[in-house]
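Student: The structure follows.
The values are calculated or read from the model by the stated rules, or taken from the named source; none is laboratory data. The model shown is predicted, which means the values in this text are computed figures rather than measured ones. All Cβ positions, glycine included, derive from the backbone under ideal geometry; neighbour counts span all protein chains shown. When the accessible area is computed, the model is the full protein with side chains, heavy atoms only, and any ligands, DNA or RNA have been set aside. Shrake-Rupley method; radii C 1.70, N 1.55, O 1.52, S 1.80 Å.
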Amino acid sequence: MTPSARRARVYAWAMLVLLVLAQIGYPLTDGTTRARLTVATVVLGYLLSVGHALLSRGPRTAAALIATATGGGFAIEALGVATGFPFGSYDYSGQLGPKLAGVPLIIPLAWTWMAWPAWLVATRLTTRITVAAGRWRWPTRIALATLGLATWDLFLDPQMVAEGHWVWRDPTPALPGLPGIPISNYLGWLLFAVLMMSALRPLAGPAVDTTDATDTPLYALYLWTYGSSVLAHAVFLDLPASALWGAAGMAVVAVPLAVSLLRQRRTGRADTAPRPHADVSA
C-alpha cells in the first residue's frame, strides 16, 4: 500500500470512529442537543467521504463528488422546496441550521456523505460478478449505486419527519406504515440518485472505475449505516415500520456487500486490480 493510500485509509477509519460515536449518542439525547448532534453527524459524514475521495483518488474525484452530490443535491432540494418537484411539496423547519433558498445547508452534505460509499460499494460488486465484463457493466453499476443511496432514505425521511426537521404538505399516497411521507419523495430520490451516479464517472475519470483495500472503511460505513439504522429504528426510536422498510430496501446492496467481504476474508483474495493512476499529491 502506497503512503497516500495508507493516509486515506487511516483518515477514513478515524473519521468513521468519530461518526459512530456521534450516532451512538443520537438516541440518548433529545431536543436541541439531538438536533445539533444531527448536524454534527452530517458534517462528519461529509468530511469522511470527501476527504477519502481526495486522499485516495485525487482532486478531480473530490471535485466531481462535490459538484454532483453537494452542488447537485442543493440544486434539486432548492427546486423541490420551490416547486414540489420531484419529491413532493415540503418545508424545512429551522432546526437544522442556516438555510439558503429554503434549504438547510447541511442537506446537500448528507447527499454527499452517502453517495460516495454507495458508488464504491456498487463498483466493488460489479467488478466481482460476471455481468461486469459485458456491456451491462455500467448500467448495473449505476443501478446499484442508485439503489445504494436512495434506499437509505427509507430510514432517513421517517426519522427526520418524526423529529420535525421537515414536513410534507400533502403526504399521500404513502407507503404502508410510513404516514406523513408521500411515495413521490422516494421516487424523487431515485430520479436524482440515478442522475448523480450517471454524472459521477464522466466527471471523476478512471480513478473511480475500481476499488481496493483503501476503500474498506467506506464499506464499513455503509454496513454500519444499514445495521445501526435497523437497530435504532426498531429499538430506540420507536419506528418499527421504517426499520422493516429500510432493512428490506438497503439489503439489496448491503447483503451482497457483506457476502462479498466475507468471501474475500475466507479466501484471502486481493480486493481488486490496482486502480488507474490518480494524482493524490494533495
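Student: Collect the residues in the stretch 250-282 that are open to solvent by 70 Å² or more (accessible area, probe 1.4 Å) and either modelled with pLDDT under 55 or hydroxyl-bearing (Ser, Thr, Tyr) (or both), keeping them in residue-number order.
Tutor: 267, 274, 277, 279, 281, 282
Student: Does the stretch 225-238 contain any residue that is part of a helix (DSSP H, G or I) and farther than 25 Å from residue 18 by Cβ?
Tutor: Among the residues of the stretch 225-238, not one is part of a helix (DSSP H, G or I) and farther than 25 Å from residue 18 by Cβ, which makes the answer no.
Student: Applying the selection to the stretch 3-18, what residues are surrounded by fewer than 18 Cβ atoms within 10 Å (Cβ to Cβ), under 16 Å from residue 50 (Cβ atoms) and charged (D, E, K, R)?
Tutor: Of everything in the stretch 3-18, just one residue is surrounded by fewer than 18 Cβ atoms within 10 Å (Cβ to Cβ), under 16 Å from residue 50 (Cβ atoms) and charged (D, E, K, R), namely 7.
Student: Now, a different point. Contact list please: Cβ distance under 6 Å, first residue in the stretch 217-236 and touching a residue at least 60 places away in the same chain (Cβ under 8 Å), second residue open to solvent by 50 Å² or more (accessible area, probe 1.4 Å), pairs at least six apart or on different chains.
Tutor: 217/13
Student: Filter the stretch 71-113 down to the residues that are among the aromatic types (Phe, Trp, Tyr) and over 16 Å from residue 156 (Cα atoms), then identify the one that is least open to solvent (accessible area, probe 1.4 Å).
Tutor: 74
Student: If you scan the stretch 173-212, which residues turn out to be among the hydrophobic types (A, V, I, L, M, F, W, C), open to solvent by 40 Å² or more (accessible area, probe 1.4 Å) and either closer than 30 Å to residue 10 by Cα or touching a strand residue (DSSP E or B) at 6+ places or on another chain (Cβ under 8 Å) (or both)?
Tutor: 183, 203
Student: Tally time: how many residues in the stretch 1-35 are of a type in the set (D, E, K, R) and within 19 Å of residue 211 (Cβ to Cβ)?
Tutor: Total satisfying the criteria: 3.
Student: Inside the stretch 53-87, can you point out the residues that are touching a Phe, Trp or Tyr at 6+ places or on another chain (Cβ under 8 Å), closer than 12 Å to residue 200 by Cβ and of a type in the set (Gly, Ala, Ser)?
Tutor: 53, 69, 72
Student: Which residues, taken from the stretch 120-150, are modelled with pLDDT of 95 or more and open to solvent by 20 Å² or more (accessible area, probe 1.4 Å)?
Tutor: 142, 143, 144, 147
Student: State whether one or more residues within the stretch 58-70 are at negative phi, open to solvent by less than 10 Å² (accessible area, probe 1.4 Å) and of a type in the set (Ser, Thr, Tyr).
Tutor: Yes: the stretch 58-70 contains one or more residues that are at negative phi, open to solvent by less than 10 Å² (accessible area, probe 1.4 Å) and of a type in the set (Ser, Thr, Tyr).
Student: Identify all residues within the stretch 172-211 that are farther than 28 Å from residue 227 by Cβ and not in a helix (DSSP H, G or I); write none if there are none.
Tutor: 172, 173, 205, 209
Student: Let me ask something else. So which of 247, 241 ends up being at pLDDT 95 or above, touching a helix residue (DSSP H, G or I) at 6+ places or on another chain (Cβ under 9 Å) and closer than 22 Å to residue 118 by Cβ?
Tutor: Details: 241 fails: closer than 22 Å to residue 118 by Cβ.
Sole residue among the options that is at pLDDT 95 or above, touching a helix residue (DSSP H, G or I) at 6+ places or on another chain (Cβ under 9 Å) and closer than 22 Å to residue 118 by Cβ: 247.
Student: Could you give me the residue pairs with C-beta distances under 7 Å whose first residue belongs to the stretch 62-80 and is without any contact (Cβ under 8 Å) to a residue 12 or more places away in the chain, whose second residue is open to solvent by 30 Å² or more (accessible area, probe 1.4 Å) wherever it lies, and which are 6+ apart or on separate chains?
Tutor: 79/85
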